[in-house]
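Contents: one structure, followed by commentary.
The values are calculated or read from the model by the stated rules, or taken from the named source; none is laboratory data. Owing to the predicted nature of the structure, the values given are computational and were not obtained by experimental measurement. Using ideal geometry, Cβ is built from the backbone for each residue, glycine included, and neighbour counts are taken over all protein chains shown.
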Amino acid sequence: MQGKTNHKLLEQLIPRLLKPRAGESRPPVIWLGTNTCAGDMLSLLNSLDPGYRSLLTDLIDFRYNYLLGTAEGDMATGILDETMAELPGEYILVVEGTIPTRSNGLYCVIGRRNGEPLTALQAVRELGASARYVVAAGTCAAFGGPYAAAPNPSDSKSVQAVLERRVINVPGCPVLPDWLMGTLAHLIRYGEPELDDLNRPKLFYGETIHNLCQRRHYFDNSIFAKKPGDPWCMYKIGCKGPVTFADCPYRQWNSEHLSWPVKANTPCIGCVSPEFPDGDMPFFEHLPDVKLPGIRTTADRIGTITGVITALGISGHMIGSIVTNRLPHTLKKGFSGNGMLQKLLKKLR
Amino acid sequence: MKSLLSLLIKGKKLRHPWPTRLLHWSYAPAVLAGILSGFYITRPSRVHGFTNMDSARKTHFIAQYVLISSYLARVYYAYSAKNYREIIPDLKDIVRMPEFLKYQLFLTSKKPKFPKYNPGQKIVYTSFALLIPVQIVTGLGLYVTKRFQKPATLAGGLNPLRKLHYLASVSISALAAGHIYFALTDSLKKLKSIFTGYK
Amino acid sequence: MKKIIVGPLTRANNSSSVEVTVEDKRVVDARCSGIFFRGFELILRGRDPRDASYLTERICGICSAAHGTAASFALEDAAGVRPPRNGNLLRNLILGADFLQSHIRHFYLYSLLDYVRGPNQRPFIPGYTKGYRLHGKVNEAMVEHYFQAVEISRLTHKLLTLLGGKAPHNHGLLAGGSTVSPAADILMDFGSKLRKIIDFIKNIMVPDTLTLAEAYPDYYEIGCRAPNLLEFGLFPRSEDDNERSFPGGVIIDGHPQKLDSSAIREHLKYSWFTGNSEPRHPSRGRTEPDREKEGAYSWAKAPRYGGKPMEGGPLARLWIRGDYRKGISTMDRIVARAMEAEMIGKSMEGWVEELQPGAPVFNAFNVPREAEGAGLTGAMRGPLGHWLRIEKGRIAHYEIITPTTWNFSPRDDTGQLGPVEEALIGTPIEDENEPVEIGRVVRAFDVCSSCSVHLIVPGTPVKETIIVP
């Protein structure tokens, strides 16, 4: 009996594992571009193995792609409706870009439906509701990114913020092709990858740049670059490697593993982080700005001001104490009493 | 035993019982080491007494463990011996604040008498008690970053968390400088008591 | 009379929307809309001026190096610093590589599918069924070249990665120079990849454009407009920036004139921004987004030079330089783009030769407390300008006018059409249900609405005191 159940289970599992292979029934993918620079799709084109051609023929059924699809206008938007109606629960939705919510989402229109503008907000909500997986490609879609930076003129939000369901975040500005390709492959072959607290695949975002950095020993030994272009540790010119989780140092850009920002003698700017870019700016300073109502300054400046005030306060008080004879009095009293200090001093003499 | 000890050092009044002194001398060096190594870590320079990041970071981590344990012990002691009342400012302190400030600003030469601590001391010690948990939480966030990514988003992310840690440490450093200055200049008897316990 | 709306206009760097009115199978009216808004200038205020080059790169994925370059020029102008010789050459190489990337990807990935039938698989289907004139082996070869172009454009991004750490949004473009010291191994790698790219452009891309031109000769008569062209100049020849490889200039009704950037005005009547006041120079623009504005139809403003709508891009650059003056049409734009790619590739080989291993690549400088600067450069799609004002060491005002703002602009206050709109007028539409011709005309401009739709929006000034050492 038990054997039979196992057999049945296997029967169900095996085709699933092998599903995308042999060029048949590749999972449908909808790639939606919202408020984006298109950098993530362009970055995916940089994938070497598999390349774009093999991606199309072997891995996925690329039903909708705002950047490279042949269809335009209502024909393109029609694909979205068609896929939602025909393949609910089967397609993978990849969103690239942040979702503006100002004026009901009219700050980003991705097409038209029944003669009315179809906003990115509406499209993501509808498509996201019946997708098998939702993947946020790039930092904008995952966390908001540069277009949601203060003062966020279009009230842009991450995909997760406008969807009830779980979104798999694959951040990066742009996303490294391997990260996205790897996530897609994992979803197709093995299901959802292991995710961290921010719903990023641990496979790629499990360790800090700093801990993986080739120049870590320069850091430990305090050999620091003074300006961009110096071949040492970038810590002192604002490297965000210690607070950024990604495997850039190991993997390197793009798919030929040639270089990465620190190898190019520039600081990591933390482009995969949820705080990017606001929390990581200024890029060439260690600490972000301090923003208080009506005032904006650097953390260093606050440190300096506090230091100066403390020094002035102490020296002012000390001068006051000397002038008013308070300090000499205290000292005299301390030494003239029958305390230990006096004895000690005597002994020393 | 107690009286013998007091005879031996010829003190008059027990001001700091041994747990206070023991804990003071465990967290005081930890705070100082934490400040110096911390400033080195945020802006590496020999001015802070370190020559490389590795030793500064290790110092910082040791200081962190000492500080966390002695802080927790101090909180427990304050609670069990009920001596937190000596530290937290109360209504009387607010009432007597002008008097205290007048003296400290040299507007009067009459030194006001206070129970154990004056209002200034109380404010400083309470601030320490409040700021050190901030340092512990933000510091741990930066120490075990992996587990702290999500809670860190409350502060805006890990890098903004660095900023909080820095700002809190700047405040602690300023308070510590003031504390050391007054300890050295206000009354040598009281200064002695943190070593011997007796005034 | 019939209205046709193509929205989203896909295969452009970020979708936009085009609306045309057709009468007797000809376009009689056209409206181009940028359909999304981000407000980059607002975001830049109060930030460290050094951050602008990395942050503005993020405006556009396909021409990020152009923004990085313009931002670097603007800060160098404000700070009075020049890059070392190597720094200028490296930056030219980085921007050049991004040009090759953009031109190759535009021609093959964006534009080609208007003329060539793609393979019978998604996302090449669904698509229009009529109007394709290449058949059999010629069409097959083009599709094969499409996929080769994917590979080659990947190489172009690798050039960027070699010198800038990553691509897109590379780290090698900074005020003061660049950052990777040109060692022999890097130069060899770079040179070898560049060779492959140049071979592809010379042997495949340029012949392919000519194949298109032969099959679609009528497109020399479609998408025409008056020769009103504008360029800011591309690739400084030396670190002093006295001369550019592709010089800047203005052509008004076919007559070359000297560039005077004070003749630029921005019109707002048909844009989703409050205010219908007098057209203003970009440095005086003070507007706020208003999506509900009556009569407006685009997130792009309408910039005009001396009151005229100006076109930028490879054709304009080659025209101003005198290398190509055949005509101003859809096919001329496509052919000029391929020619320019070949010329830039050749120049890049020269710059690689000029690099001196071991010589400095970056000049350190201090950010001024109060200063103004302008960074003008040619970008893939035309003239790109960044204008910067620094107060108290931080960005007080930042303005960006992108090429697509010029090309894809809506009507101005006098009702004059934008360049793409002008070009669309008169376009024959064979079948109103499959208006493939519209895409052909619009895409030849290489519109990039990523860039076009977030200009000069300083908004209401935020009251904030900035204190910076």
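Miscellaneous remarks
- In the stretch A:81-105, the residues that are in contact (Cβ under 8 Å) with a residue 12 or more places away in the chain, surrounded by fewer than 21 Cβ atoms within 10 Å (Cβ to Cβ), within 11 Å of chain C (Cβ to nearest Cβ) and not basic (Lys, Arg): A:104
- Hits in the stretch A:106-153 (condition: facing another protein chain (nearest Cβ under 9 Å), hydroxyl-bearing (Ser, Thr, Tyr) and either part of a loop (DSSP other than H, G, I, E, B) or surrounded by fewer than 24 Cβ atoms within 10 Å (Cβ to Cβ) (or both)): A:107
- Cβ-Cβ under 6 Å pairs, at least 6 apart or on other chains, the stretch A:24-36 side under 14 Å from residue A:59 (Cα atoms) and touching a residue at least 12 places away in the same chain (Cβ under 8 Å), far side among the charged types (D, E, K, R) and assigned to a strand (DSSP E or B): A:26/A:61; A:28/A:61; A:28/A:63; A:30/A:63
- Only one of the numbered conditions (1) at pLDDT 90 or above; (2) touching a strand residue (DSSP E or B) at 6+ places or on another chain (Cβ under 8 Å); (3) within 14 Å of another protein chain (Cβ to nearest Cβ) is violated by residue C:436, and that is (2).
- Qualifying residue in the stretch A:195-207 (condition: farther than 28 Å from residue A:157 by Cα, surrounded by 24 or more Cβ atoms within 10 Å (Cβ to Cβ) and more than 11 Å from chain B (Cβ to nearest Cβ)): no
- Which numbered condition residue A:68 fails, given (1) facing chain C (nearest Cβ under 7 Å); (2) more than 20 Å from residue C:121 (Cα to Cα); (3) buried (at least 22 other Cβ atoms within 10 Å of the Cβ): (2)
- For the stretch A:319-335, the candidate set comprises residues that are among the β-branched types (Val, Ile, Thr) and facing chain B (nearest Cβ under 7 Å); within that set, the residue that is surrounded by the fewest Cβ atoms within 10 Å (Cβ to Cβ) is A:324.
- Restricting C:151, C:144 to those that are without any contact (Cβ under 8 Å) to a residue 24 or more places away in the chain and within 24 Å of residue C:219 (Cβ to Cβ) reduces the list to C:144.
- In the stretch A:286-301, residue farthest from residue B:176 (Cα to Cα) [restricted to those that are surrounded by 20 or more Cβ atoms within 10 Å (Cβ to Cβ) and within 9 Å of chain C (Cβ to nearest Cβ)]: A:289
- Among the residues of the stretch C:261-281, the ones that are over 14 Å from residue C:387 (Cα atoms) and hydroxyl-bearing (Ser, Thr, Tyr) come to 4 in all.
- The number of residues in the stretch A:42-54 that are touching a residue at least 60 places away in the same chain (Cβ under 8 Å), facing chain C (nearest Cβ under 10 Å) and surrounded by fewer than 20 Cβ atoms within 10 Å (Cβ to Cβ) comes to 1.
- Of all residues in the stretch A:238-248 being under 22 Å from residue A:281 (Cβ atoms) and assigned to a loop (DSSP other than H, G, I, E, B), the one that is farthest from the chain's Cα centre (by Cα): A:238
- Looking across the stretch C:1-17, the residues that are closer than 15 Å to residue A:67 by Cβ and of a type in the set (Ser, Thr, Tyr) come down to C:10, C:15, C:16.
- Scan of the stretch A:152-205 for residues that are at positive phi and at pLDDT 95 or above, ordered by number: A:172, A:199
Matching residues to (1) surrounded by fewer than 23 Cβ atoms within 10 Å (Cβ to Cβ); (2) closer than 30 Å to residue A:250 by Cβ; (3) within 11 Å of chain A (Cβ to nearest Cβ); (4) not β-branched (Val, Ile, Thr):
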| residue | (1), (2), (3), (4) |
| --- | --- |
| C:116 | no, no, yes, no |
| C:121 | yes, no, yes, yes |
| C:134 | yes, no, no, yes |
| C:143 | yes, no, yes, no |
| C:147 | yes, yes, yes, yes |
| C:150 | yes, yes, yes, no |
| C:156 | no, yes, yes, no |
| C:159 | no, yes, yes, yes |
| C:196 | yes, yes, no, yes |
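- Here is the figure for the stretch C:104-122: residues that are without any contact (Cβ under 8 Å) to a residue 12 or more places away in the chain and touching a Leu at 6+ places or on another chain (Cβ under 6 Å) total 0.
- Odd one out for residue A:270, checked against (1) at the interface with chain B (Cβ under 10 Å from one of its Cβ atoms); (2) within 27 Å of residue A:229 (Cβ to Cβ); (3) modelled with pLDDT under 95: (3)
- Residues satisfying the stated conditions in the stretch A:208-227, i.e. within 14 Å of chain C (Cβ to nearest Cβ) and either touching a Leu at 6+ places or on another chain (Cβ under 6 Å) or of a type in the set (D, E, K, R) (or both): A:215, A:226, A:227
- Any chance residue A:255 is more than 14 Å from chain B (Cβ to nearest Cβ), crowded, with 17+ Cβ neighbours inside 10 Å and in contact (Cβ under 8 Å) with a residue 40 or more places away in the chain: yes
- Picking from residues in the stretch C:19-39 that are modelled with pLDDT of 80 or more and closer than 22 Å to residue A:103 by Cβ, the one that is surrounded by the fewest Cβ atoms within 10 Å (Cβ to Cβ) is C:19.
- Look at (1) within 14 Å of another protein chain (Cβ to nearest Cβ); (2) buried (at least 18 other Cβ atoms within 10 Å of the Cβ); (3) more than 22 Å from residue B:126 (Cβ to Cβ) and you find that residue B:55 fails only one, number (2).
Yes/no matrix, rows are residues, columns are (1) in the same structural domain as residue A:141 (by TED's automatic domain parsing); (2) outside any helix (DSSP H, G or I); (3) closer than 30 Å to residue C:357 by Cα:
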{"site": "A:172", "(1), (2), (3)": "yes, yes, no"}
{"site": "A:184", "(1), (2), (3)": "yes, no, no"}
{"site": "A:199", "(1), (2), (3)": "yes, yes, no"}
{"site": "A:226", "(1), (2), (3)": "no, yes, yes"}
{"site": "A:229", "(1), (2), (3)": "no, yes, yes"}
{"site": "A:236", "(1), (2), (3)": "no, no, yes"}
{"site": "A:250", "(1), (2), (3)": "no, no, yes"}
{"site": "A:257", "(1), (2), (3)": "no, yes, yes"}
{"site": "A:261", "(1), (2), (3)": "no, yes, yes"}
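- Filtered residues of the stretch B:70-97 (kept if assigned to a loop (DSSP other than H, G, I, E, B) and farther than 14 Å from residue B:121 by Cβ): B:81, B:82
- Hits in the stretch A:154-170 - residues which are among the polar types (S, T, N, Q) and either touching a Leu at 6+ places or on another chain (Cβ under 6 Å) or in a strand (DSSP E or B) (or both): A:156, A:169
- Test result for residue A:277, surrounded by 24 or more Cβ atoms within 10 Å (Cβ to Cβ), over 22 Å from residue C:364 (Cα atoms), at the interface with another protein chain (Cβ under 8 Å from one of its Cβ atoms) and not charged (D, E, K, R): yes
So that you can scan it fast, the table gives a plain yes or no per residue for (1) away from chain B (no Cβ under 13 Å); (2) outside any helix (DSSP H, G or I):
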position	(1), (2)
A:265	yes, yes
A:283	no, yes
A:312	no, no
A:317	no, no
